[in-house]
Amino acid sequence: MSESSVIQVSNLKKVYGKTVAVDNVSFEVKKGEIFGFLGPNGAGKTTTIRMLTGVILPDEGEAKILGIDIKEDPISVKKIMGVVPEVCNVYVDLSSWDNMILTGKIYGVKRKEREEKAEELLKKFGLWERKDEKTRKFSKGMKQRLILAMSLIHEPKILFLDEPTSGLDVQSTRMIRKIIEELRLKGKTIFLTTHNIEEANLLCDRIAIINKGKIVAIDSPEKLKSTFKRMQSVEVAFDRIPEDIRWLHSIPYVNECKKLGDKFRVYTKDPDSLIKELVNFAEKNNLKFISLNTLGPSLEDVFVALTEKVEAKYHE
């Protein structure tokens, strides 16, 4: 493991009965990076983050946060991290101000500092004007913004975010993403689990994909995409939908074809030859191009390919 790593995980394992939720997982997270942790439902994402944040103990393996072993000294580890859990856990009978102050007290932040920090964060997250209202009245987006603000009141060195934008409105999602980017610029290390693959593509320096409790890939989004050149595609829209779209499937250069709204996405290893065939097709059927774009593999394509590969192996 590198000396620049702030999270070091080696052969981490968690078993529930006969189910291996996390199966000998190893990875490292470097200082100042946003590390994405992706996987389908039940893949082991939340179990891993719960072990790393000291909520549950691993059955085997080792995990260190800034050199501190989570099993040997969980209290010290919790003091240096901020956590936004998958299920929002604000105190609904308290105001947003009182939630902030209480969190500051729990982390040992001095009175003047926690009051100044609470005001700064509530203003930053657009909650200051409603600071005295009980949070029971808050929308899901407001509660999620508040829990993120609470996680930052003690200036943590590492932030664990478990599905921070799940189910939120566009405004709250954009605000949270913007703040995550600002935190990265300030040198914070962020461990992010998300179902939103495009979000991971936009935010993350590196990504780990987990399925059936095992890591199936770790790399930067672009490097992951570059390993799947066969998943290049051409996206095309005509002025009208051709009567017989089966022809698209019959072109020798087509691996797969999908209809997406008024467009077609055609996967190929040879975009140049495919485009020439599409031109012939358009002329033959008296069609006009509305748009024609060549696309590299998306992170979603990579994610689906890797997880399907594991599923197929699992069911052999």
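The values are calculated or read from the model by the stated rules, or taken from the named source; none is laboratory data. All values derive from a computational prediction rather than experimental measurement. Here Cβ is always computed from backbone atoms with ideal geometry, including for glycine, and neighbour counts include all displayed protein chains.
Out of the helices (runs of 4 or more DSSP H) lying entirely within the stretch 146-238, which hold 3 or more residues that are farther than 29 Å from residue 270 by Cβ, over 14 Å from the mean Cα position of the chain (by Cα) and not aliphatic (A, V, I, L, M)? Result: 170-185. In the stretch 234-287, the residue that is surrounded by the most Cβ atoms within 10 Å (Cβ to Cβ) out of those that are of a type in the set (S, T, N, Q) and closer than 19 Å to residue 300 by Cα is 268. Within the stretch 122-133, identify whether any single residue is surrounded by 20 or more Cβ atoms within 10 Å (Cβ to Cβ), over 23 Å from the mean Cα position of the chain (by Cα) and at pLDDT 90 or above, and answer yes or no. Looking through the stretch 122-133, at least one residue is surrounded by 20 or more Cβ atoms within 10 Å (Cβ to Cβ), over 23 Å from the mean Cα position of the chain (by Cα) and at pLDDT 90 or above. Evaluated against (1) within 27 Å of residue 194 (Cα to Cα); (2) among the aliphatic types (A, V, I, L, M); (3) part of a strand (DSSP E or B), residue 290 falls short on exactly one condition, (1). When you look at residue 177, is it of a type in the set (D, E, K, R) and touching a Phe, Trp or Tyr at 6+ places or on another chain (Cβ under 9 Å), yes or no? Answer is no for this residue. Scan the stretch 90-120 for residues that are surrounded by 15 or more Cβ atoms within 10 Å (Cβ to Cβ) and closer than 11 Å to residue 154 by Cα and the total you get is 9. Just one of the numbered conditions (1) free of Cβ contacts under 8 Å to residues at least 40 places away in the same chain; (2) under 17 Å from residue 93 (Cβ atoms) is not true of residue 165; which one? Result: residue 165 passes all but (2).
For first residues located in the stretch 136-149 and in the same structural domain as residue 91 (by TED's automatic domain parsing) and more than 17 Å from residue 103 (Cβ to Cβ), partners that are of a type outside the set (Ser, Thr, Tyr) and not in a helix (DSSP H, G or I) and lie 6+ apart or on another chain with Cβ distances below 6 Å form the pairs 136/92; 141/168; 141/169. On the basis of being among the charged types (D, E, K, R), buried (at least 17 other Cβ atoms within 10 Å of the Cβ), over 21 Å from residue 299 (Cα atoms) and outside the structural domain of residue 265 (by TED's automatic domain parsing), does residue 188 make the cut? In short, yes.
Of all residues in the stretch 85-101, those being at pLDDT below 95 and over 12 Å from residue 134 (Cα atoms) number 5. Do you know which of the residues in the stretch 66-86 that are β-branched (Val, Ile, Thr) and over 25 Å from residue 146 (Cα atoms) is surrounded by the fewest Cβ atoms within 10 Å (Cβ to Cβ)? Selected residue: 68. For the stretch 18-55, a tally of residues being surrounded by fewer than 16 Cβ atoms within 10 Å (Cβ to Cβ), more than 19 Å from the chain's Cα centre (by Cα) and not in a strand (DSSP E or B) returns 2.
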